[in-house]
Amino acid sequence: MSYNFKEVEKKWQTKWYTEGTFNAKEDYSMKKWYGLIEFPYPSGQGLHVGHPRSYTALDIIARKKRMEGYNVLYPIGFDAFGLPAENYAIKNHVHPKITTEKNVNHFRDQLKSLGFSFDWSREVNTTDPNYYKWTQWIFIKLFEKGLAYKTTMPINFCTGCKVGLANEEVVNGVCERCGSPVVQKEKSQWMLGITKYAQRLIDDLDDIDFLDKIKAQQKNWIGRSEGAEVNFKIEGTDDTLLIYTTRPDTIFGATYMVVAPEHGIIEKYADKIKNLDEVNDYKQKASLKSAFERSELNKEKSGVEIKGIKAINPLTNEAIPIWISDYVLMTYGTGAIMAVPAHDTRDFEFATKFNLPIKQVIKPKDGEAKEKLEEAFTDVYNGVSINSGFLTGLDSKTAIEKAINYIEENKLGKRKVNYKLRDWVFSRQRYWGEPIPMVYCECCGWNPIPEDQLPLKLPEIDDYEPGENGESPLAKLTDWIKTTCPKCGKEAKRETDTMPQWAGSSWYFLRYMDPHNDKEIASKEALEYWSPIDWYNGGMEHTTLHLLYSRFWHKFLYDIGIVPTKEPYQKRTSHGMILGSNGEKMSKSKGNVVNPDDIVEEFGADTLRVYEMFMGPFDQTAPWSMESIRGCNKFLDRVWKLQDLLNDENGYSEKHEKMMHKAIKKVSSDIEEMKFNTAVSTFMTMTNEFYKDKYLTKDEYKTFLQLLNPFAPHITEELYEIIGEPKTINETTWPKYDEAKTIDDEIEVPVQVNGKLKGTVVVPKDADEEAVKEKVKEVENVQKVIDGKTIVKEIYVKGKIYNIVVK
RNA sequence: GCCGAUGUGGCGAAAUUGGUAUACGCACAGCACUCAAAAUGCUGCGGGAAACCAUGUGGGUUCGAGUCCCACCAUCGGCACCA
C-alpha cells in the first residue's frame, strides 16, 4: 500500500478542525504553555513559504508540550488593517472589507492545509469592530494618562502614500512600504509618549529571555546616552544657549557653537543678526532637503556663520562664534551643540572646511599631543585632559565626572540622559484603520468619546482617495464628522485620522486569552492564567517596530492594572528568511517566488514542514531548493514503508534499544533548542538503520512515530492508526528516555601520536588507563611511528582520546 | 563609522562546546530490478600514489584547535551627522 498524502492529510485535518482537537482547555488548574507566532497580514498574494517556517517551528514545540501534559494555547488571527487593501480599493472600487474577507478566507484554508495545531476557536481579526473596540479603548486610556497627545510638529510625510510615518517606518529616507521619498511636513498629529518608557524598555530586557541580538538592536534603537546640558551665555545679553554633550570634559576645547536650522535663536535675535538674509537662505534650503538628502553619508558639510551674536565659553570665558548647519538635528538633544573639533569627528570636518580653530584638550594616555591633528581624537578610554584648567591631568572618564559636578555646582547646567527614541507618530491620514475615538470642541478641546459608544465604527464610504493636503478620506464625510462634545454637549468635530498598522498588533496576544469577552479586553482570570507568553517567534524586521511598540503598550496596561506582568513575552526567538533558489530575496519581479500551495499539492504538507525544518539552522537565512525537498519527500516515503519491516520476533535488541533512547534524548533537546535540522537528520539516520537491519519492533515504530509526529503530524497519525493503536498520537505521552541506556558499553577511542590520528581501539566504557595503554601499543600504525623514539608523555582522557607524545 | 552575525566538500549543512572534521540530505557515478526509462534498493563519493594536506587569511596558546586568543580579509543584517 503506497502513501496517499492527499487523502491522509485531508482526513486528519478534517478530524482536527471539526473536533477542535488542539483547542486550549478552560481548565486553569493545569500547567500552561502559551506559544505565539506573528499573526499574518492577509495579503492578496496568499501565504508565503516564509510563514510556515515560523509556524511549523512553534507548532512542533506546541505539539510536544501537549504530549508533555501542558494546557497549550497556540492561537492564530489576522492583522488585517493596512494599506494594500486600501490601495486596491482606490484602484478597483472594492470595499477593503470585502477584499480583506476574501483574503482571510484564503489564508485560513492555506493554513489549515498545512496542519498547524492552532486553536481556531480563538481566531481574532483586527478589523472586527468587536476587536478594535478594545484598541480604541486602550487609546482612550493612553489619552487619559497623558500618553496620547496632539501636537503640530515636523513629521515624516510619505509623498507616495500621502501619509505621516513613524521614525521606525522611514528607511534610508524613503517609505518602508512604498519606497517613495519622505519629506518633512508640519502637521497636527496624535503622538504616543513611548519616550516616557524608554528607560524601562531598556532595563526590563534584563529579566526576559530574548536573543541577544534582539536585545542589542532594541537598545541600539532606544539609543541611551549620558552627558550634560550646559548653558553658554550669549554675549551682551542675559540669555543663554543650551547645548547637550556627552563629553563635558572637552568644554575647554569648544571653539564655536552650531545650531540646527530650525533653532529658535534665529527668530529671537533677528534684529541683531547682520547677515540675516544669508542665514534665512540657508534655513530655507535645509528645509527643502528630503530626509534622505539630509542623512546622506559622505556629503560635504555645509553651514553659515550667524554674524552679530557670539557665545561665551563658560570655562574659558572666550567669545566664540555661532554657526548654523544641518549636521545638527533639531530632534535630538537641544538642537544646539558646542563644537569641539579636536575631539569630535564631525566638528573636525566642519572646522577644517571653514577654517575654524582646532584646540586640543585631550592627549592619548601613552602619547603626546600632536603638532597638528590629522583627525579628531575621540577615544574616551584612552585619553588624558590637557590645557583644561582643573581637569588637566585627569583621564577622560574621571574628567567627565568632575566636569559634570563642576557644571552642577556652578549652576551652568545639569547631568542629563538622552535617548534617540522619539515619541510615536500615531495618526494616519487613511481610511482602512481604526478610527481614533476623539472629538474636538471649540471650548473643551480634545476629548474621547464615552466608552459606552465604543466601538466607534469605521463609516462606509465610496471614495478612498486621500484629500488634497494629505487629509484622511474620512475628512470628506461632513455628516459623520459632526457630533456633540462629550463634555459640554455643544457641536463638535470628530477626529478623521485613523490609527497606524501597528495599533491592532500591539495587544492582540492578550485578546487570544479570552477572545469573545464583550466586557473587557480579557477576563482577569484568563490574563492571570495565560500571562506571560512563554515563547514568541517572529522576524527580525519587527524588532524595532512591533516588538518595541507592543512592549510599550503592555507596560502601560500593567501600570493601569489591566495585565499582571511587566513584559508580554518571556522568550523571543527569530527565524531566518527563506530566499529564492538563486540566493536572493523572493519577489515577484525576480520570478523566484515559491507558492506553498504548489508544494502541498505535489508533495504534501508533511514534506513541506519537514523540509522547512531540515533546510538549515532555524535562525539563519536559507535558500530554497526544489531538489532537496524531494529528499524529504523520499524520507517520508521510507517512513511509510517501515510498516513492512515490522517484526517483533527478533524481540529485544540492545543496539535498537540504545538507538531509541539516544534518539528520544536528542530529539527532545533539539526541539527545545530549535535545532530542528539535526532532529530531522536523527530521524533519517534511524530510518536508515532500520532498513539496514531489515526489521524494527512495533514498540520502536510507535516511539519513532511519536517523536516524528510534531514535524509530520498527518503521516504519523495515519501510521499509528494502521498499526492498530487505539489512541491518536496527540493523546499519547511524550516518550521518556533512560540516561543509562544512552551510554554505549564499549567505546571506540581514537589514538593519536603527537596529536595526529593513527588508529582507534575499542575498550569497555569504564576501562582505566592501563587497560587502554596495553591495547594502544598493539595498534600497528602506532607501533610503526613510535618505534625508536622516546615517549615523552602519554595522555588519556577517559572515553575521549589517547595521545602519545614522542620525540 | 558603530552594533550584530556568518565564512567547513560541487551544493544545503553536522561536529557531544577543546578530543576520530565533513553526520544527514542534495547532486554525481556504478550496480541490481526493467525491453527501456522513471521510481525503488544497494555501493561509492574532500585532495593526494603515498607520507601527508585540507574548516576565509596570517600569527599564537595547547599533548591536541573548525571550536580559545591576537591581527586581517570577505559576505550578510541593523543603525547611522544622535553631539
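Taking the range A:559-571 on its own, how many of its residues are assigned to a strand (DSSP E or B) and surrounded by fewer than 22 Cβ atoms within 10 Å (Cβ to Cβ)?
Adding up the residues that qualify gives 1.
Output the residues belonging to the range A:179-204 that are over 22 Å from A:Thr151 (Cβ atoms) and modelled with pLDDT under 95.
A:Gly179, A:Ser180, A:Pro181
So, of the residues in the range A:651-668 that are among the basic types (Lys, Arg) and touching a residue at least 60 places away in the same chain (Cβ under 8 Å), which turns out to be least open to solvent (accessible area, probe 1.4 Å)?
Ranking the candidates gives A:Lys658 first.
Tell me which residues, restricted to the range A:785-796, are over 13 Å from A:Gly755 (Cβ atoms) and either surrounded by fewer than 11 Cβ atoms within 10 Å (Cβ to Cβ) or among the polar types (S, T, N, Q) (or both).
Scanning the range A:785-796 gives A:Asp787, A:Gly788, A:Thr790.
Run A:Arg224 past the list (1) open to solvent by less than 60 Å² (accessible area, probe 1.4 Å); (2) farther than 30 Å from A:Asn355 by Cα and report the number of the one that doesn't hold.
Going through (1) open to solvent by less than 60 Å² (accessible area, probe 1.4 Å); (2) farther than 30 Å from A:Asn355 by Cα one by one, A:Arg224 breaks only (1).
Does at least one position in the range A:258-280 carry a residue that is within 26 Å of A:Asn410 (Cα to Cα), within 14 Å of RNA strand B (Cβ to nearest atom), in contact with a helix residue (DSSP H, G or I) (Cβ under 8 Å, 6 or more places away or on another chain) and touching a residue at least 24 places away in the same chain (Cβ under 8 Å)?
yes
Residues A:Phe618, A:Phe556: which one is touching a residue at least 60 places away in the same chain (Cβ under 8 Å) and part of a loop (DSSP other than H, G, I, E, B)?
A:Phe618
Take the residues in the range A:603-639 that are open to solvent by 10 Å² or more (accessible area, probe 1.4 Å) and within 18 Å of A:Lys6 (Cβ to Cβ), then tell me which one is farthest from RNA strand B (Cβ to nearest atom).
Out of the qualifying residues, it is A:Phe603.
Within 16 Å of RNA strand B (Cβ to nearest atom) and in contact with a strand residue (DSSP E or B) (Cβ under 7 Å, 6 or more places away or on another chain): does that describe A:Phe676?
So A:Phe676 does not fit the description; no.
What do you reckon, is A:Ala80 outside any strand (DSSP E or B), modelled with pLDDT of 95 or more, open to solvent by less than 10 Å² (accessible area, probe 1.4 Å) and closer than 24 Å to A:Asp463 by Cβ?
Criteria met by A:Ala80.
Do we have any residue at all in the range A:453-463 that's in contact with a strand residue (DSSP E or B) (Cβ under 6 Å, 6 or more places away or on another chain) and more than 27 Å from A:Gly223 (Cα to Cα)?
Yes, the range A:453-463 contains at least one residue that is in contact with a strand residue (DSSP E or B) (Cβ under 6 Å, 6 or more places away or on another chain) and more than 27 Å from A:Gly223 (Cα to Cα).
May I ask you to list the residues in the range A:704-724 that are touching a helix residue (DSSP H, G or I) at 6+ places or on another chain (Cβ under 8 Å) and open to solvent by 30 Å² or more (accessible area, probe 1.4 Å)?
The answer is A:Ile722, and nothing else.
Just to be sure I understand the filter: pairs with C-beta atoms under 8 Å, separated by 6 or more residues or on different chains, first member in the range A:457-468 and under 18 Å from A:Gly160 (Cα atoms) and touching a residue at least 40 places away in the same chain (Cβ under 8 Å), second member open to solvent by less than 70 Å² (accessible area, probe 1.4 Å) and assigned to a loop (DSSP other than H, G, I, E, B). Which pairs pass?
Close Cβ pairs (under 8 Å, with a partner that is open to solvent by less than 70 Å² (accessible area, probe 1.4 Å) and assigned to a loop (DSSP other than H, G, I, E, B)) amount to A:Tyr464/A:Tyr431; A:Tyr464/A:Trp432; A:Pro466/A:Gln429; A:Pro466/A:Arg430; A:Pro466/A:Ser472.
Being hydroxyl-bearing (Ser, Thr, Tyr), open to solvent by 20 Å² or more (accessible area, probe 1.4 Å) and free of Cβ contacts under 8 Å to residues at least 12 places away in the same chain, is that true of even one residue in the range A:427-450?
no
Which ones in the range A:714-738 are without any contact (Cβ under 8 Å) to a residue 12 or more places away in the chain and in a helix (DSSP H, G or I)?
Within the range A:714-738, A:Glu721, A:Glu731 meet the criteria.
Name every residue in the range A:339-382 that is among the β-branched types (Val, Ile, Thr) and either touching a Cys at 6+ places or on another chain (Cβ under 6 Å) or in contact (Cβ under 8 Å) with a residue 24 or more places away in the chain (or both), in order of residue number.
A:Val340, A:Thr345, A:Ile358, A:Val361, A:Ile362, A:Thr378, A:Val380, listed by residue number.
Specify the residue that is least open to solvent (accessible area, probe 1.4 Å); the eligible residues are those in the range A:580-601 that are more than 14 Å from A:His51 (Cα to Cα) and part of a loop (DSSP other than H, G, I, E, B).
A:Gly580
Per-residue answers, yes or no, for (1) under 30 Å from A:Pro532 (Cα atoms); (2) under 17 Å from the mean Cα position of the chain (by Cα):
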{"position": "A:Ala166", "(1), (2)": "yes, yes"}
{"position": "A:Val171", "(1), (2)": "no, yes"}
{"position": "A:Cys175", "(1), (2)": "no, no"}
{"position": "A:Lys185", "(1), (2)": "no, no"}
{"position": "A:Gln199", "(1), (2)": "yes, no"}
{"position": "A:Ile208", "(1), (2)": "yes, yes"}
{"position": "A:Leu211", "(1), (2)": "yes, yes"}
{"position": "A:Lys215", "(1), (2)": "yes, yes"}
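Does the range A:1-12 hold any residues that are touching a helix residue (DSSP H, G or I) at 6+ places or on another chain (Cβ under 6 Å) and at pLDDT 95 or above, and which are they?
Within the range A:1-12, A:Val8, A:Glu9, A:Trp12 qualify.
Tell me the residue from A:Leu241, A:Leu288, A:Leu297 that is more than 11 Å from RNA strand B (Cβ to nearest atom), farther than 30 Å from A:Leu36 by Cβ and modelled with pLDDT under 95, please.
A:Leu288
Could you list, in sequence order, the residues of the range A:701-713 that are within 16 Å of RNA strand B (Cβ to nearest atom) and either free of Cβ contacts under 8 Å to residues at least 24 places away in the same chain or in a helix (DSSP H, G or I) (or both)?
A:Phe704, A:Leu707, A:Leu708, listed by residue number.
Quick check, is A:Glu19 surrounded by fewer than 13 Cβ atoms within 10 Å (Cβ to Cβ), acidic (Asp, Glu) and more than 18 Å from A:Ala526 (Cβ to Cβ)?
yes
Considering every residue within the range A:96-114, establish whether at least one is in contact with a Phe, Trp or Tyr (Cβ under 7 Å, 6 or more places away or on another chain) and small (Gly, Ala, Ser).
no
Looking at A:Lys698, A:Lys775, A:Lys727, can you tell me which residue is out of contact with any Cys (no Cβ under 9 Å at 6 or more places or on another chain), among the basic types (Lys, Arg), within 16 Å of RNA strand B (Cβ to nearest atom) and open to solvent by 60 Å² or more (accessible area, probe 1.4 Å)?
Selected residue: A:Lys775, the only one of A:Lys698, A:Lys775, A:Lys727 that is out of contact with any Cys (no Cβ under 9 Å at 6 or more places or on another chain), among the basic types (Lys, Arg), within 16 Å of RNA strand B (Cβ to nearest atom) and open to solvent by 60 Å² or more (accessible area, probe 1.4 Å).
Specify the residue that is nearest to A:Ala712 (Cα to Cα); the eligible residues are those in the range A:22-35 that are modelled with pLDDT of 95 or more and exposed (fewer than 15 other Cβ atoms within 10 Å of the Cβ).
It comes out as A:Lys25.
Within the range A:740-758, can you find the residues that are more than 15 Å from A:Lys655 (Cα to Cα) and open to solvent by 20 Å² or more (accessible area, probe 1.4 Å)?
A:Glu748, A:Pro750, A:Gln752, A:Asn754, A:Gly755, A:Lys756, A:Leu757, A:Lys758, listed by residue number.
The values are calculated or read from the model by the stated rules, or taken from the named source; none is laboratory data. Fair warning: this is a prediction, and the values are worked out from it, not measured in the lab. Neighbour counts run over all protein chains shown; Cβ positions are idealised from the backbone, glycine included. For the accessible areas, the whole protein counts, side chains as well, though only heavy atoms, and no ligand, DNA or RNA atoms are used. Shrake-Rupley method; radii C 1.70, N 1.55, O 1.52, S 1.80 Å.
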